[in-house]
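Inspection log for the structure reproduced underneath, given as C-alpha coordinates.
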Amino acid sequence: MNMLIVLAAALLPAILLLIYILKKDPQPEPTSWLVKAVLFGVAICIPVVIVESGIETVLFGPGGKPATFAGTTAMAFFVAAIPEEAFKLLALWLVLRKNPYFDEHFDGIVYAVCVGLGFAAVENVGYVFGQEEWVPVAIARALLAVPGHYAFAVLMGYYYSVYHFVDRSPKVAVFILLAPVVVHGVYDALAMSGIVNPYVGGLCFFLLVWFCVRMHKVARKKLVALIERDRGESTYTG
(Lines give C-alpha, C1' and ligand atoms only; values in the text may rest on other atoms or scores of the structure.)
Protein backbone atom coordinates (compact mmCIF):
# COMPACT_ATOMS: atom_id res chain seq x y z
CA MET A 1 0.00 0.00 0.00
CA ASN A 2 2.83 2.39 0.89
CA MET A 3 4.37 1.83 -2.54
CA LEU A 4 1.10 2.81 -4.19
CA ILE A 5 0.98 6.00 -2.13
CA VAL A 6 4.54 6.89 -3.16
CA LEU A 7 3.73 6.16 -6.80
CA ALA A 8 0.60 8.30 -6.64
CA ALA A 9 2.55 11.16 -5.06
CA ALA A 10 5.13 10.94 -7.83
CA LEU A 11 2.64 10.81 -10.71
CA LEU A 12 -0.10 13.15 -9.45
CA PRO A 13 1.64 16.48 -10.26
CA ALA A 14 2.14 15.50 -13.90
CA ILE A 15 -1.41 14.16 -14.17
CA LEU A 16 -2.92 17.36 -12.74
CA LEU A 17 -0.91 19.59 -15.06
CA LEU A 18 -1.84 17.41 -18.02
CA ILE A 19 -5.52 17.73 -17.13
CA TYR A 20 -5.05 21.50 -16.79
CA ILE A 21 -3.58 21.95 -20.26
CA LEU A 22 -6.14 19.65 -21.88
CA LYS A 23 -8.95 21.66 -20.28
CA LYS A 24 -7.45 24.79 -21.82
CA ASP A 25 -7.63 23.38 -25.35
CA PRO A 26 -10.61 24.95 -27.17
CA GLN A 27 -10.63 22.10 -29.71
CA PRO A 28 -9.54 18.88 -27.90
CA GLU A 29 -7.14 16.55 -29.69
CA PRO A 30 -7.89 12.85 -30.27
CA THR A 31 -7.06 10.79 -27.19
CA SER A 32 -4.95 8.34 -29.21
CA TRP A 33 -2.59 11.12 -30.33
CA LEU A 34 -2.35 12.56 -26.82
CA VAL A 35 -1.47 9.14 -25.42
CA LYS A 36 1.10 8.71 -28.18
CA ALA A 37 2.74 12.01 -27.20
CA VAL A 38 2.87 11.04 -23.52
CA LEU A 39 4.35 7.64 -24.37
CA PHE A 40 6.99 9.28 -26.55
CA GLY A 41 7.90 11.42 -23.54
CA VAL A 42 8.19 8.28 -21.44
CA ALA A 43 10.23 6.47 -24.10
CA ILE A 44 12.92 9.13 -24.38
CA CYS A 45 13.85 8.64 -20.72
CA ILE A 46 16.10 5.71 -21.64
CA PRO A 47 18.26 7.44 -24.28
CA VAL A 48 18.34 10.60 -22.14
CA VAL A 49 19.81 8.69 -19.19
CA ILE A 50 22.41 7.06 -21.44
CA VAL A 51 23.46 10.35 -23.05
CA GLU A 52 23.49 12.24 -19.75
CA SER A 53 25.64 9.56 -18.11
CA GLY A 54 28.10 9.73 -20.99
CA ILE A 55 28.36 13.53 -20.90
CA GLU A 56 28.72 13.54 -17.11
CA THR A 57 31.57 11.02 -17.35
CA VAL A 58 33.32 13.14 -19.98
CA LEU A 59 32.98 16.32 -17.93
CA PHE A 60 33.70 15.02 -14.43
CA GLY A 61 35.18 11.54 -14.82
CA PRO A 62 33.66 8.21 -13.74
CA GLY A 63 31.60 8.80 -10.61
CA GLY A 64 32.78 12.39 -10.44
CA LYS A 65 30.68 15.36 -9.39
CA PRO A 66 31.11 19.12 -9.91
CA ALA A 67 33.09 20.88 -7.19
CA THR A 68 32.62 24.48 -8.37
CA PHE A 69 29.76 26.71 -9.44
CA ALA A 70 31.11 26.61 -12.97
CA GLY A 71 30.91 22.84 -12.74
CA THR A 72 27.31 22.82 -11.50
CA THR A 73 26.34 25.28 -14.21
CA ALA A 74 28.00 23.09 -16.85
CA MET A 75 26.16 20.10 -15.41
CA ALA A 76 22.87 21.99 -15.44
CA PHE A 77 23.15 22.89 -19.11
CA PHE A 78 25.21 20.13 -20.74
CA VAL A 79 24.18 17.12 -18.65
CA ALA A 80 20.54 18.03 -18.02
CA ALA A 81 18.99 20.85 -20.04
CA ILE A 82 20.44 20.31 -23.52
CA PRO A 83 20.03 16.51 -23.75
CA GLU A 84 16.57 16.47 -22.16
CA GLU A 85 15.12 19.31 -24.23
CA ALA A 86 16.74 18.00 -27.43
CA PHE A 87 15.14 14.58 -26.97
CA LYS A 88 11.82 16.18 -26.08
CA LEU A 89 11.98 18.17 -29.31
CA LEU A 90 12.78 15.02 -31.25
CA ALA A 91 9.78 13.30 -29.65
CA LEU A 92 7.55 16.28 -30.40
CA TRP A 93 8.66 16.33 -34.03
CA LEU A 94 7.99 12.60 -34.37
CA VAL A 95 4.48 13.10 -32.98
CA LEU A 96 3.61 16.12 -35.10
CA ARG A 97 5.35 15.51 -38.44
CA LYS A 98 2.47 13.40 -39.82
CA ASN A 99 -0.25 14.36 -37.38
CA PRO A 100 -3.36 15.43 -39.36
CA TYR A 101 -4.84 17.00 -36.22
CA PHE A 102 -1.99 19.50 -35.79
CA ASP A 103 -4.09 22.26 -37.31
CA GLU A 104 -4.31 24.94 -34.60
CA HIS A 105 -1.68 27.09 -32.93
CA PHE A 106 -2.50 25.86 -29.42
CA ASP A 107 -1.95 22.25 -30.52
CA GLY A 108 1.83 22.74 -30.41
CA ILE A 109 1.65 23.54 -26.71
CA VAL A 110 -0.74 20.66 -26.00
CA TYR A 111 1.48 18.04 -27.62
CA ALA A 112 4.69 19.52 -26.21
CA VAL A 113 3.23 19.44 -22.71
CA CYS A 114 2.14 15.82 -23.20
CA VAL A 115 5.71 14.90 -24.18
CA GLY A 116 7.23 16.97 -21.38
CA LEU A 117 4.97 15.62 -18.67
CA GLY A 118 5.42 12.04 -19.86
CA PHE A 119 9.14 12.54 -19.35
CA ALA A 120 8.67 14.43 -16.07
CA ALA A 121 6.41 11.72 -14.62
CA VAL A 122 9.02 9.00 -15.10
CA GLU A 123 11.81 11.24 -13.84
CA ASN A 124 9.74 12.11 -10.77
CA VAL A 125 9.08 8.46 -9.98
CA GLY A 126 12.83 7.85 -10.04
CA TYR A 127 13.57 10.73 -7.69
CA VAL A 128 10.77 10.02 -5.22
CA PHE A 129 11.39 6.27 -5.04
CA GLY A 130 15.12 6.93 -4.69
CA GLN A 131 14.73 8.66 -1.32
CA GLU A 132 13.97 7.12 2.07
CA GLU A 133 12.49 10.44 3.19
CA TRP A 134 10.36 10.68 0.11
CA VAL A 135 7.66 13.08 1.36
CA PRO A 136 9.71 16.34 1.30
CA VAL A 137 11.21 15.30 -2.04
CA ALA A 138 7.75 14.64 -3.49
CA ILE A 139 6.44 17.98 -2.21
CA ALA A 140 9.41 19.98 -3.50
CA ARG A 141 9.29 18.36 -6.92
CA ALA A 142 5.50 18.72 -7.13
CA LEU A 143 5.85 22.47 -6.53
CA LEU A 144 8.97 23.13 -8.61
CA ALA A 145 10.44 20.39 -10.81
CA VAL A 146 7.35 18.96 -12.49
CA PRO A 147 5.80 22.41 -13.08
CA GLY A 148 9.22 23.37 -14.41
CA HIS A 149 9.03 20.69 -17.10
CA TYR A 150 5.52 21.91 -17.87
CA ALA A 151 6.77 25.46 -18.40
CA PHE A 152 9.71 24.31 -20.53
CA ALA A 153 7.23 22.40 -22.70
CA VAL A 154 4.92 25.40 -23.07
CA LEU A 155 7.81 27.45 -24.44
CA MET A 156 8.87 24.69 -26.83
CA GLY A 157 5.33 24.15 -28.05
CA TYR A 158 4.74 27.87 -28.46
CA TYR A 159 7.74 28.42 -30.73
CA TYR A 160 7.08 25.16 -32.57
CA SER A 161 3.60 26.38 -33.48
CA VAL A 162 4.78 29.88 -34.35
CA TYR A 163 7.37 28.39 -36.70
CA HIS A 164 4.89 25.94 -38.22
CA PHE A 165 1.99 28.33 -38.74
CA VAL A 166 3.29 31.91 -38.67
CA ASP A 167 6.98 32.66 -39.08
CA ARG A 168 9.51 30.24 -40.57
CA SER A 169 12.47 32.47 -39.83
CA PRO A 170 15.75 31.02 -38.50
CA LYS A 171 15.28 33.04 -35.30
CA VAL A 172 12.02 31.31 -34.44
CA ALA A 173 13.45 27.91 -35.42
CA VAL A 174 16.34 28.41 -33.01
CA PHE A 175 14.02 29.48 -30.21
CA ILE A 176 12.10 26.18 -30.39
CA LEU A 177 15.05 24.57 -28.62
CA LEU A 178 16.93 27.56 -27.22
CA ALA A 179 14.08 28.94 -25.09
CA PRO A 180 13.40 25.72 -23.12
CA VAL A 181 17.14 24.96 -22.84
CA VAL A 182 17.92 28.37 -21.35
CA VAL A 183 15.14 28.32 -18.74
CA HIS A 184 15.81 24.65 -17.93
CA GLY A 185 19.53 25.33 -17.56
CA VAL A 186 19.03 28.35 -15.32
CA TYR A 187 16.52 26.39 -13.22
CA ASP A 188 18.93 23.49 -12.72
CA ALA A 189 21.95 25.76 -12.12
CA LEU A 190 20.09 27.44 -9.25
CA ALA A 191 18.84 24.10 -7.91
CA MET A 192 22.31 22.49 -8.06
CA SER A 193 24.21 25.35 -6.39
CA GLY A 194 23.82 23.71 -2.98
CA ILE A 195 26.13 20.89 -4.13
CA VAL A 196 29.06 23.31 -3.87
CA ASN A 197 27.99 25.50 -0.95
CA PRO A 198 24.89 24.95 1.20
CA TYR A 199 24.71 28.62 2.19
CA VAL A 200 24.79 29.80 -1.39
CA GLY A 201 22.37 27.00 -2.17
CA GLY A 202 19.94 28.41 0.40
CA LEU A 203 20.11 31.84 -1.20
CA CYS A 204 19.73 30.36 -4.66
CA PHE A 205 16.62 28.51 -3.52
CA PHE A 206 14.84 31.83 -3.03
CA LEU A 207 16.12 32.96 -6.43
CA LEU A 208 14.82 29.68 -7.84
CA VAL A 209 11.33 30.30 -6.46
CA TRP A 210 11.34 33.82 -7.92
CA PHE A 211 12.61 32.48 -11.25
CA CYS A 212 9.87 29.83 -11.33
CA VAL A 213 7.18 32.44 -10.72
CA ARG A 214 8.54 34.58 -13.56
CA MET A 215 8.91 31.56 -15.84
CA HIS A 216 5.32 30.50 -15.31
CA LYS A 217 4.07 34.02 -15.96
CA VAL A 218 5.88 33.99 -19.30
CA ALA A 219 4.57 30.50 -20.07
CA ARG A 220 1.02 31.60 -19.31
CA LYS A 221 1.44 34.63 -21.57
CA LYS A 222 2.55 32.36 -24.43
CA LEU A 223 -0.32 29.98 -23.75
CA VAL A 224 -2.92 32.75 -23.80
CA ALA A 225 -1.36 34.25 -26.95
CA LEU A 226 -1.91 31.07 -28.94
CA ILE A 227 -5.44 30.55 -27.63
CA GLU A 228 -6.29 34.10 -28.69
CA ARG A 229 -4.57 33.62 -32.05
CA ASP A 230 -6.75 30.59 -32.70
CA ARG A 231 -9.72 32.79 -31.89
CA GLY A 232 -8.42 35.39 -34.32
CA GLU A 233 -7.85 37.99 -31.61
CA SER A 234 -4.07 38.09 -31.16
CA THR A 235 -0.72 38.01 -32.94
CA TYR A 236 2.71 36.53 -32.35
CA THR A 237 4.25 38.09 -29.20
CA GLY A 238 7.91 37.26 -30.03
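The values are calculated or read from the model by the stated rules, or taken from the named source; none is laboratory data. Just so it is clear, the structure is predicted and the values come from calculations on it, not from any experiment. In this analysis, Cβ positions are derived from the backbone assuming ideal geometry, glycine residues included, and neighbour counts consider all displayed protein chains. For the accessible areas, the whole protein counts, side chains as well, though only heavy atoms, and no ligand, DNA or RNA atoms are used. Shrake-Rupley method; radii C 1.70, N 1.55, O 1.52, S 1.80 Å.
For the pair the range 1-25 and the range 162-209, the centres of their Cα atoms are 24 angstrom apart. The string of couplings for the range 191-204 from the Karplus curve (6.51, -1.76, 1.60, θ = phi - 60°) is 5, 8, 4, x, 4, 8, 8, x, 6, 5, x, x, 5, 5 Hz, one whole number per residue in order, with x for Gly and Pro. Just so you know, the Rg over Rh for the chain is 0.97, from Cα atoms, with Rh as the Kirkwood radius.
Rolling a 1.4 Å probe over the protein heavy atoms gives the chain an accessible area of 50 Å² per residue.
Treating r as the C-beta distance of I15 and R168 and R0 as 35 Å, the FRET efficiency rounds to 0.50. Put a dot 7 Å past the Cα of L90, heading toward its Cβ, do the same for F206, and the two dots end up 4.1 nm apart. Taking a ≥ b ≥ c as the square roots of the eigenvalues of the Cα gyration tensor, the range 175-214 is classed as oblate, since a/c reaches at least 1.5 and a/b does not exceed b/c. Only the Cβ atoms of Lys and Arg (+1) and of Asp and Glu (-1) were treated as charged; on that basis the dipole of the range 142-238 about its Cα centre amounts to roughly 160 debye.
For the chain, the relative contact order comes to 26 percent (Cα pairs under 8 Å, sequence separation of at least 6).
Relative contact order of the range 61-159, taken over Cα pairs closer than 8 Å and 6 or more residues apart, is 32 percent. Estimated at 0.36 nm per residue, the fully extended path between V49 and N2 surpasses their Cα-Cα distance by 14.2 nm. Heavy-atom surface analysis with a 1.4 Å probe gives the range 1-131 a carbon and sulfur content of 73 percent of its accessible area. Peptide packing for 63-69, 11-17, 134-140 was compared via the average number of neighbouring C-beta atoms within 10 Å per residue; ordered from the highest value, the list is 11-17, 134-140, 63-69. Straight-line reach from K221: taking Cα to Cα under 23 Å and skipping same-chain neighbours fewer than 8 places apart, the lysines in range are K23, K24, K88, K171. Shown is the FRET efficiency for N197 and E133, computed with R0 = 25 Å from the Cβ-Cβ distance and rounded to the nearest 0.05: 0.65. Between the residues W134, Y159, V95, the greatest Cα displacement towards the positive end of the dipole of the chain, with unit charges on the Cβ of Lys, Arg, Asp and Glu, is found for Y159. The charge dipole of the chain, taken about its Cα centre with unit charges on the Cβ atoms of Lys, Arg (+1), Asp and Glu (-1) only, comes to about 400 debye. Neighbours of P66, meaning other residues whose beta-carbon lies under 14 angstrom from its beta-carbon, give a summed charge of -2 when Lys and Arg score +1 and Asp and Glu score -1.
Residues of the range 160-199 with backbone nitrogen within less than 18 Å of a virtual label 7 Å along the Cα-to-Cβ line of F60, please, listed as ranges. In the range 160-199, the label zone of F60 (backbone N under 18 Å from the point 7 Å along Cα→Cβ) covers 185-199.
Computed from Cα positions, the angle between helix 45-60 and the longest principal axis of the chain comes to roughly 50 degrees.
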